Amino acid sequence: MIDFEITTPEKTIYKDRIDLAVIPTKDGEITVLPNHIPLISILVPAGELRLKKGTEEILIMISGGFLEVQKENKIIILADTAERAEDIDEIRAEEARKKAEKLLEEKREDVEIADLKATLAQSLMRLKIVKKHQTKKKRF
């Protein structure tokens with residue numbers, strides 16, 4: 001088992017013992033199992049974090065931040081933002097996606113393109129995760 005914790009500046013999103021974690025880092029997706037070597041990495045601007053605890057799969061949308069895998073089977077993630085799949089508001093994510101796409105199409109000078117692309121990526125990731133979570137719930 002691995003002691004796992006993911007925290008944002010606002011709150012701790014998830015803290016528990018897990019069997020494994022699949023984490024999207026800037027160098028690619030990594031799977032952390034018990035007794036993994038220690039490492040530090042940067043997280044992607046918008047990605048899907050998958051945790052396994054027994055037969056349960058926990059999905060979390062993360063954006064930015066850092067990962068630390070410590071000795072003694074411990075993972076700490078400090079994320080800029082993170083949302084568990086069941087907490088994602090699909091309507092709000094869809095509205096954010098549409099707004100970002102519209103502003104990108106307009107090519108307005110008063111809008112930071114990089115920020116819009118990051119917002120769009122985060123919205124798309126939220127939608128992907130919430131749809132995956134809904135599909136998973138329907139199977140059971």
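Calculated mean residue ellipticity at 222 nm for the chain: -11000 deg cm²/dmol, from DSSP H runs with n ≥ 4 weighted as -39500 (n - 2.57), summed, divided by the residue count and rounded to 500.
Treating r as the C-beta distance of T55 and K98 and R0 as 35 Å, the FRET efficiency rounds to 0.45.
Can you tell me the accessible area per residue over the chain, all protein chains present, probe 1.4 angstrom, in square angstrom?
That works out to 60 Å² per residue.
Compactness of the chain is given as radius of gyration and Dmax, 16.0, 51 Å, from Cα positions.
Local charge for L78 was computed over the other residues whose Cβ lies under 11 Å away, with Lys and Arg +1 and Asp and Glu -1, and equals -3.
Gaussian network model of the chain, Cα springs within a sub-10 Å range: biggest mean-square fluctuation belongs to which of P34, P45, P24? Looking only at P34, P45, P24, the largest GNM fluctuation is found for P34.
Short-range pairs are left out: with C-alpha atoms under 8 Å and at least six residues apart, the relative contact order of segment 1-51 is 32 percent.
Taking only protein heavy atoms and a 1.4 Å probe, the accessible area of the chain is 52% carbon and sulfur.
Holding the Cα-Cα limit at 31 Å, pick out from K26/K71; K11/K71; K99/K132; K15/K102; K74/K99 the pairs that are longer than that. Going by Cα-Cα distance, K15/K102; K74/K99 fall outside the 31 Å limit. Between T12 and T81, full extension at 0.36 nm per residue minus the direct alpha carbon distance yields a gain of 23.8 nm.
The local environment of I62, defined by Cβ-Cβ distances under 10 Å, has a net charge of -3 under the rule Lys, Arg +1 and Asp, Glu -1.
Against the chain, whose longest principal axis comes from its Cα atoms, helix 90-106 is set at around 50 degrees.
If R0 is 25 Å, the Cβ-Cβ spacing of D19 and E68 corresponds to a FRET efficiency of close to 0.85. Considering only S123, S41, S63, the Gaussian network model of the chain with Cα springs below 10 Å gives its largest mean-square fluctuation to S41.
For K26 and K132, the difference between the fully extended length at 0.36 nm per residue and the C-alpha to C-alpha distance is 35.9 nm. Could you state the number of Å between the C-alpha centres of segment 1-37 and segment 51-82? First find each Cα centre; the distance between them is then 2 Å.
Karplus-based coupling profile of segment 41-49, in residue order and whole Hz: 8, 9, 7, 5, x, 7, x, 10, 9, with θ = phi - 60° in 6.51 cos²θ - 1.76 cosθ + 1.60 and x standing for Gly or Pro. Think of the chain as a dipole: +1 on every Lys or Arg Cβ, -1 on every Asp or Glu Cβ, centred on the Cα centre; then among Y14, L51, S63, L51 lies furthest on the positive end.
The values are calculated or read from the model by the stated rules, or taken from the named source; none is laboratory data. Model, not experiment: these values are computed from the prediction. No Cβ is skipped: glycine too gets one built from the backbone with ideal geometry, and neighbour counts run over all protein chains shown. Heavy atoms of the whole protein, side chains included, go into the accessibility calculation; ligands, DNA and RNA do not. Shrake-Rupley method; radii C 1.70, N 1.55, O 1.52, S 1.80 Å.
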